[in-house]
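Structure, as C-alpha cells:
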Amino acid sequence: MIDIRQAFSLALGSIGSAKMRSALTMLGIIIGVAAVVANVSIGVSFNQFFTDELDTLGSNFIIIYSQDVNIFYDSELELIRNTPGVEGASAFNQQMAEVSYLSGTKQIDVQGVSSDAQQISNLEVEVGNFFTDKDKYTAVLGQEVADGKFDQEVAVKNYLDITFRRQDGTTVTQKFRVKGILTGEDNAFVSGGPDRDATIYIPVATINELLNVTDYGGFSANTEDSESVQAVSDEIDKRLARQLGVSARDLDNADAKPYRIFNQAEIIERLDQLADSLTILITIIATVALLVGSIGIMNIMLVTVAERTREIGLLKSLGYTRKDILILFMLESVILGIIGGILGALIGLVGSFIVETYIDIPRVFPLSLIFLGIAISFVVGLVAGIYPASRAAKLDPVEALRHG
C-alpha cells in the first residue's frame with residue numbers, strides 16, 4: 001500500500017506544478033465556502049442585533065393598544081394585572097406636546113406611564129430616579145431630550161413647561177420638575193414604538209388629568225419568564241375580548257376587536273422567519289457556487305488523469321495497486337478542496353467583519369464556522385474526485401504506457 005506521506009508529496013507536487021490551473025480550480029470552492037461562512041456569520045450577528053434591540057423594549061413584554069378612544073379604563077388595567085403569569089402592567093397615554101425650557105420651545109413626544117413601566121420596558125435611569133406612582137408633576141427625560149433638544153443641557157431638578165392640547169381644542173400648560181434622565185440607547189431597529197431617547201415620561205394619572213380624560217391609549221405588561229409570554233398574551237386577549245363584548249368566534253379576527261395585541265415571542269418568531277428566508281436564499285446561491293466549484297475540480301482532475309496517463313502506467317508497472325492510484329488522485333482532489341475551503345473561510349470571515357462593521361451590528365463569528373467551511377470543502381473535494389480517481393485507477397498499465 002502506498003505510504004501516506006509519499007501520497008501527500010506526490011499530490012502537492014502535482015498541484016504545485018500547475019499553480020494557475022489549481023488556483024482557478026479552487027476559485028469556485030473559495031467563493032462558495034466564503035458565501036456560506038459569511039452568510040452564517042452575518043445571520044448570527046443579525047440575530048444578536050435583533051435580540052439586543054428587543055431587549056431595549058423590555059423583557060417578556062406584551063403590548064396592547066386601543067383602536068379608538070374610550071376603550072380602555074382602570075377596569076381593563078386591573079384585568080390584565082390579575083391575569084395569571086403577569087408580573088407587572090402599566091397603562092399609557094401619549095401626546096406630541098409643546099415643551100419649553102429656558103428660551104427654547106420644541107415639539108416632543110410625552111408619554112404617561114406608571115412606575116411599573118420602568119421594569120416592563122427596561123427604562124434604565126442614568127441620572128436621578130424614575131418617578132413613583134405618588135409623584136405628580138415630575139418627568140423623566142430621554143437622553144436626546146436632555147442633551148440635544150434645547151440650546152442648553154437639561155439637568156435633574158430643572159423645570160420644563162409642557163403644553164398639552166385637549167380634545168375640545170383648549171390647551172393646558174403645566175410645569176414639571178425633572179426627576180431623572182434615561183441612559184441613551186440606539187433604537188435603530190425598533191421603529192414601531194416611541195423613540196425613548198426623544199421621549200419625556202410623566203405619570204399616566206397626571207397626563208390624564210391634564211388632558212381631562214379617563215381612558216388609556218393602551219397597556220404594557222410583562223411575564224415572569226419568556227416561555228409563558230405567548231400563553232399569557234393569549235389569555236389576556238381572551239379576557240379583554242370577553243370584557244369588551246367580542247364574541248368567541250371573532251377572537252382570531254383582528255378587525256373584529258377594538259384593540260391590537262402583540263408580544264415579544266411573536267416578534268421573535270417573525271424575525272426568525274425573515275432570517276430563515278434570507279438564509280435559505282443566500283445558501284442556495286452559495287450551493288450553486290459550491291456546485292460550480294465541484295464541477296471545476298472534477299473537470300480539472302479528469303484533465304489531470306488524461307495528461308498523466310503514462311505516469312499512471314509507470315506507477316502501476318512499479319507495483320502501485322488500483323487502490324494506491326485511487327488514493328493518490330482522491331487525495332489530490334481533497335487537498336484542492338480543503339485549501340479552497342480554508343481560503344474561503346478566511347475570506348468569509350473578513351467579508352462578514354467588514355459588512356457587520358459597515359452596517360453597525362454586533363460582530364459575531366463562531367469559530368465553528370472555520371471547521372464548517374473546511375468540512376464542506378472536504379466533502380466537495382471528495383465527491384468531485386471520486387469519478388476521476390476511479391477512472392485513473394481502472395487504467396490498464398500497458399495501454400497507459402503506450403499513451404502519447
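Put a dot 7 Å past the Cα of residue 277, heading toward its Cβ, do the same for residue 383, and the two dots end up 2.8 nm apart. Annotated for the chain: lysine pairs at least 8 residues apart or interchain, Cα distance under 15 Å, count 11.
Size of segment 234-371: Rg and Dmax of its alpha carbons, in Å, are 28.6, 92.
For segment 70-113, backbone nitrogen atoms closer than 18 Å to the point 7 Å from residue 234 Cα along Cα-to-C-beta are found at 83-86. Of 15, 64, 236, the residue with the greatest mean-square motion in the GNM of the chain, using alpha carbon springs below 10 Å, is 15.
Assuming a viscosity of 1.306 mPa s and a temperature of 10 °C, what translational diffusion coefficient in µm² per second does Stokes-Einstein assign to the chain, Rh being the Kirkwood radius over Cα pairs? The Stokes-Einstein estimate is 60 µm²/s. With kT/(6 pi eta Rh) evaluated at 10 °C and eta = 1.306 mPa s, and Rh the Kirkwood radius from Cα pairs, segment 61-224 diffuses with a coefficient of 99 µm²/s according to Stokes-Einstein. Taking 0.890 mPa s as the viscosity and 25 °C as the temperature, the Stokes-Einstein diffusion coefficient of segment 191-283 based on its alpha-carbon Kirkwood radius rounds to 149 µm²/s. Screening the chain for DSSP H helices whose Cα atoms reach 30 Å or more along their own axis and whose mean Kyte hydropathy is at least 0.0 gives 19-57, 264-307, 322-358, 368-393. The relative contact order of segment 61-224, computed from alpha carbon pairs under 8 Å that lie at least 6 residues apart in sequence, is 38 percent. For the pair residue 172 and residue 82, a Förster radius of 35 Å applied to the C-beta separation gives a FRET efficiency near 0.55, rounded to the nearest 0.05. Taken about its Cα centre, the chain carries a charge dipole of roughly 2300 debye when the Cβ of each Lys and Arg holds +1 and the Cβ of each Asp and Glu holds -1. Take every Cα pair under 8 Å whose residues are at least 6 apart in sequence, average their separation, divide by the length of the chain, and the relative contact order is 29 percent. Once the chain from residue 360 to residue 214 is taken as fully extended at 0.36 nm per residue, the excess over their C-alpha distance is 48.3 nm. The distance between label points at residue 375 and residue 9 comes to 3.4 nm (points 7 Å beyond Cα on the Cα→Cβ vector). Which Cα, out of 341, 261, 318, lies furthest along the positive dipole direction of the chain (beta carbon charges, K/R +1, D/E -1)? Selected residue: 318.
In a DSSP loop and with at most 15 other Cβ atoms within 10 Å, the trypsin sites (Lys or Arg not before Pro) in segment 110-216 are 134, 136, 157, 166. Note on residue 227 and residue 242: the extension gain reaches 2.9 nm, defined as 0.36 nm multiplied by sequence separation minus the Cα-Cα distance.
Just so you know, all these numbers are worked out from the coordinates, no wet-lab data involved. What you see is a predicted model, and the numbers here were worked out from it, not measured in a lab. Cβ coordinates were reconstructed from backbone atoms using ideal geometry, including for glycine residues, and neighbour counts include every protein chain displayed.
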